Amino acid sequence: MILGIGSRVKHPAFGDGVVIGAEVAAYKVCFITYGIKIVGKEYKAWEIIEQIEADDKVSFSEAEQSLIKILKTWSDISEVVPLGDKWTNGTMILKPEDTSLKPKEIPIEAFFHKIVMVRDRLRVMEQRINASALSDEDKINLQQYITRIYGSLTTFNILFKNKEDNFVGEKSSD
């Protein structure tokens, strides 16, 4: 039995209360004497004084979290990835061997942003390959190719502030 918001209950320890919220595994119940408590949905020792039918609607928070997960997985939207502190406000200089040509200066933040976009688009490509109707053999071959691309990009890991944002290539089997 699932309780809806507004259901009245009597808990053996907390007394009378009203369900004011429902999460995946628990209810948020406001008890007269003890305030708001979380009670697992599997809890059976309380008395249900008045049951209100549960509404199948998803909360805004749940919908927002699901949307964020979907967008990260399937879109070209980039998450904010911090640049390592030592590179902040830095400049990358591309200097040709030919001294008659002028060097090109690029803000490191702009270059870093492009690297992060490449990484994010590779992740989207991986997801689309996994969800495609390709044969398992073709999927594996494409995944291995993407892994090698990540390996080629590990040079740029020095720019990332957090190690979990780094490119990770194929692990050697030494």
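Read-outs throughout are calculated quantities, based only on the coordinates presented, and are distinct from any laboratory measurement. The structure displayed is predicted, hence computed values, not measured ones. A quick note on method: Cβ atoms are made from the backbone with ideal geometry, for glycine too, and the neighbour counts reach across all protein chains shown.
What to note about this one:
- Each of ILE115, ILE36, ILE52 was scored by other Cβ atoms within 10 Å of its Cβ. Arranged with the fewest first, they read ILE36, ILE52, ILE115.
- In order through segment 13-19: 3J(HN,Hα) via Karplus (6.51 cos²θ - 1.76 cosθ + 1.60), integer Hz, x for Gly, Pro: 9, 9, x, 6, x, 10, 5
- Between the amide H of MET92 and those of ILE106, ILE108, distances stay under 5 Å, these residues lying 5 or more places away or on another chain, with hydrogens modeled in the peptide plane.
- Span from the segment 82-120 Cα centroid across to the segment 123-174 one, whole angstrom: 23
- 5 angstrom amide H check on TYR27, placed H, neighbours 5+ away: VAL39, GLY40, LYS41
- Per-residue Karplus couplings for segment 109-126, computed as 6.51 cos²θ - 1.76 cosθ + 1.60 with θ equal to phi - 60°, are listed in order as 4, 5, 5, 4, 4, 5, 4, 5, 5, 4, 4, 5, 5, 5, 5, 5, 4, 4 Hz, Gly and Pro entered as x.
- Shape of segment 66-165, Cα gyration tensor, a/c cut at 1.5: prolate
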